[in-house]
Amino acid sequence: MTGTLKSGANPGANPGQADPEKARRARQDREAIVRLADDLLPALIAKLAASGLGEIEVREGGWKARLRKPATADAGRRSGGRVAEALAGHGHAAPRGAAGHGRPDERDLRSRPEAETVEESDRIAARSPAVGIYHPRDMAVGMRVRSGDRIGSVDVLGVQQDVVAPVDGVIGSSLAEAGEAVEYGQELVRIGLPEHLAGETDLLAREPATLAGRP
Amino acid sequence: MFAKILIANRGEIALRILRACRTLGVGAVVAYSEADRESLAAQLADEAICIGPADARHSYLSASAIVSAAVVTGCDAIHPGYGFLSEDEGFADVVRAHGLTFVGPPAEVLERFASKEGTRRLLGAQGLPTIPGSGMLRDEAHALEEAERIGYPVLVKPSAGGGGKGMRLCRTPRELESSLKVSRSEAMAGFGDDSLYLEKFLDDSRHVEVQVAVDRFGNAIHMGERDCSVQRRHQKLLEETPSPSLSDAARQELCDRAVKAVAGAGYENLGTLEFLVDGKGDAYFIEINCRIQVEHPITELCTGIDMVALQIKIAAGEPIGMTQADVVSRGHAIEFRILAEDPANDFRPQAGQVDAYLAPGGPGVRMDSHLYPGYDIPSYYDSLLGKLCVWGPDRAQAIARADAALRELLVDGVITNIELHRAILANQVFIDGKVTTGLLDRVGSAPFVAAGNR
């Protein structure tokens, strides 16, 4: 575990100077550091170790502490067990991250720990921009796309909204059918990164996202 | 009756509507934003659909997202709950244009009652005494002229508004001049409409509202009144029925006149007529709410009527199915709005995880809440965590049961106003039934909390 302390406010403060304002600020800084070291850091380290987070940053006065876990952190140690999980009985496999992003957002890391270990790049998918009926463009698996390329559309009461590739990559497996009702943020098409094409077979085996209880 | 209803709201009211749908044997789909994926309503629903991001403008306030969700899930009606699009006649119109039913007044009825000033004229013509007020203010000179005619103090109010936003109390022409600009910009930011009007302000008045229901066949009933005088900055905190400030005769007369006027003006579905009652006991109509209200459960506790189910039935074109004589109100009920707000810190809204939650029980106790242990309160929406509603055979027993229930209620992890409610219950002014709308703002909540802790 690595930690850094940075002062955002007043790095030049020198307690030896006579300026009462500077002396006051230096005293405040020292107090902040003591608070950080004695109270905050041990609590933070415990919290970081127990969480699935890779990094924690806190501010105290003009000071900022950032703790980062080594990249080898064992993702498998994270466990679920919230009421939310137990209650989620409607087979809702749809999107969890923010639209257009392949990587799970902060909320995922905090409150929806995944039991499975999935490479971040494997999770990249083009998502639905709105709730409506999905119309994919005819694109073969393996076709190269650039970030922002239109790869389909969602019909929202007759208005077409573009589904776009969130990153440069290649078209992977489809996660929704043409004419299917999709919800906001739903994963529609996997986008493989060229260097991660080897993972594609694994992706195909995964359960496609479905709209819960669709008629 | 409908086959399936889309619930286009969140929090406790989404849960309340889901329960009504299940009671009626109607299917329900909960529409939720990304921030509400783990909400109780979304989890308990047989069907749930994500309609947009956390920002309500692109989810709960997006007519196209909501109607599209209803269409693709095969719903034939949309329940808007309260707040958000619940009184938006444009939304009701879009819903109808897509062959769906809006659970609430039809679009043309909402339009007729959309302007507060127009509604006062409409119901004034039906014989209701209305609060003296102005028409839409053209400019500063017009405002000063109208204020002179009405008499100070006056309230500047946004015509499209609600919930106290953009409202300013002015006791002098000078205050009025400086308030107009601020109110206009607040109204524009809050409601996208900067039209203002003036209303006579009554010091030490009480806020009393009459619950009515009208079907499309012209059958109309009232379900008694509610007293919502315990407020903080024009926001209701605690409501009770019947009002301790009205005699039985005065109550009877107010409710009868209200239901007669609203039916005469062509209203349809559930509605609430709000009145200010002055120190002499005279009631003046101020505005109508064309939706289910937060505080509806206390009326349900006293009358035994499922008001959300009734609202859905009327929207489906069914008759009310009862007459005024069938509506019998028994005992006394009080609602406490449990808010994630810090009374010691200027009522700052709180967000974060609820570590522990335990709802109270016992005779006459009802808790409508979407909380569960581990629930993460999103910071995007209002701070209502739930409503504790307590019924007793009379007011004293209702207060005693309420205090016991508030002591039992446990919400750990976020700061709430539970203790403030206990303090209000213990306050002599409340016990005497003499709270007026300005009381909490005038004395501040600190004396209440301090007294309650003793």
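Residues checked against (1) among the acidic types (Asp, Glu); (2) touching a strand residue (DSSP E or B) at 6+ places or on another chain (Cβ under 7 Å); (3) at positive phi:
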site	(1), (2), (3)
B:35	no, no, no
B:57	no, no, no
B:63	no, no, no
B:72	no, yes, no
B:83	no, no, yes
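Does segment B:39-49 include one or more residues that are open to solvent by less than 10 Å² (accessible area, probe 1.4 Å), acidic (Asp, Glu) and either assigned to a helix (DSSP H, G or I) or at pLDDT 95 or above (or both)?
The answer is no, given that none of the residues of segment B:39-49 is open to solvent by less than 10 Å² (accessible area, probe 1.4 Å), acidic (Asp, Glu) and either assigned to a helix (DSSP H, G or I) or at pLDDT 95 or above (or both).
List, please: which pairs have Cβ atoms under 7 Å, are six or more places apart or on different chains, and start with a residue in segment B:419-435 that is at positive phi and end with one that is among the polar types (S, T, N, Q) and not in a helix (DSSP H, G or I)?
B:433/B:245
Every residue in segment B:200-229 that is in a strand (DSSP E or B) and open to solvent by 10 Å² or more (accessible area, probe 1.4 Å), please.
If the condition is that a residue be in a strand (DSSP E or B) and open to solvent by 10 Å² or more (accessible area, probe 1.4 Å), then B:200, B:206, B:207, B:220, B:222, B:224 are the ones that fit.
Given segment B:95-199, what helices (runs of 4 or more DSSP H) lie entirely inside it while holding 1 or more residues that are closer than 30 Å to residue B:308 by Cα and modelled with pLDDT under 95? Even if it seems obvious, please write down each step before you answer.
Details: elements: B:107-112, B:116-124, B:140-150, B:173-191.
Of the helices (runs of 4 or more DSSP H) lying wholly inside segment B:95-199, those with at least 1 residues that are closer than 30 Å to residue B:308 by Cα and modelled with pLDDT under 95 span B:107-112, B:116-124, B:173-191.
Which residues, taken from segment B:85-99, are open to solvent by 20 Å² or more (accessible area, probe 1.4 Å) and touching a strand residue (DSSP E or B) at 6+ places or on another chain (Cβ under 7 Å)?
Filtering segment B:85-99 down to residues open to solvent by 20 Å² or more (accessible area, probe 1.4 Å) leaves B:87-90, B:93-94, B:96-99.
Matches in segment B:85-99: B:96 only.
Does segment A:150-165 contain at least one residue that is within 14 Å of chain B (Cβ to nearest Cβ), at pLDDT 95 or above and over 16 Å from residue B:68 (Cβ atoms)? Spell out the reasoning first.
Taking segment A:150-165 and keeping what is within 14 Å of chain B (Cβ to nearest Cβ), we get A:153-161.
Restricting the remaining residues to those that are at pLDDT 95 or above gives A:153-161.
So of that shortlist, the ones also over 16 Å from residue B:68 (Cβ atoms) come out as none.
No, every residue in segment A:150-165 fails to be within 14 Å of chain B (Cβ to nearest Cβ), at pLDDT 95 or above and over 16 Å from residue B:68 (Cβ atoms).
How about segment B:35-51: which of its residues are within 27 Å of residue B:189 (Cα to Cα) and under 25 Å from the mean Cα position of the chain (by Cα)? Show your work before the answer.
Residues of segment B:35-51 within 27 Å of residue B:189 (Cα to Cα): B:35-36, B:50-51.
B:35, B:36, B:51 - these are the residues of segment B:35-51 that are within 27 Å of residue B:189 (Cα to Cα) and under 25 Å from the mean Cα position of the chain (by Cα).
Out of B:249, B:258, which single residue is part of a helix (DSSP H, G or I) and in contact with a strand residue (DSSP E or B) (Cβ under 9 Å, 6 or more places away or on another chain)?
Going through B:249, B:258 in turn, the sole match is B:258.
Does any residue in segment B:106-121 that is in contact (Cβ under 8 Å) with a residue 12 or more places away in the chain come within less than 6 Å, Cβ to Cβ, of a residue that is surrounded by fewer than 19 Cβ atoms within 10 Å (Cβ to Cβ) and in a loop (DSSP other than H, G, I, E, B) six or more places away or on a different chain, and which pairs are these?
B:117/B:135
Taking segment B:22-38 on its own, how many of its residues are surrounded by fewer than 24 Cβ atoms within 10 Å (Cβ to Cβ) and within 23 Å of residue B:314 (Cβ to Cβ)?
Residues that pass the stated criteria total 6.
Give the residue that is nearest to the other protein chains (Cβ to nearest Cβ), with candidates limited to residues of segment B:68-84 that are within 24 Å of the chain's Cα centre (by Cα) and surrounded by 24 or more Cβ atoms within 10 Å (Cβ to Cβ). Full working, then the answer.
First, pick out the residues of segment B:68-84 that are within 24 Å of the chain's Cα centre (by Cα): B:77-84.
Those still in the list that are surrounded by 24 or more Cβ atoms within 10 Å (Cβ to Cβ) too: B:78-81.
Values: B:78: 13, B:79: 17, B:80: 16, B:81: 18 Å.
Ranking the candidates gives B:78 first.
Whether any residue in segment B:156-173 is among the hydroxyl-bearing types (Ser, Thr, Tyr), open to solvent by 10 Å² or more (accessible area, probe 1.4 Å), more than 30 Å from residue B:263 (Cβ to Cβ) and outside the structural domain of residue B:255 (by TED's automatic domain parsing) is what I want to check.
yes
The values are calculated or read from the model by the stated rules, or taken from the named source; none is laboratory data. Small disclaimer: the values here were computed from a predicted structure and weren't measured. Please note: Cβ atoms are built from the backbone with ideal geometry, for glycine as well, and neighbour counts cover all protein chains shown. When the accessible area is computed, the model is the full protein with side chains, heavy atoms only, and any ligands, DNA or RNA have been set aside. Shrake-Rupley method; radii C 1.70, N 1.55, O 1.52, S 1.80 Å.
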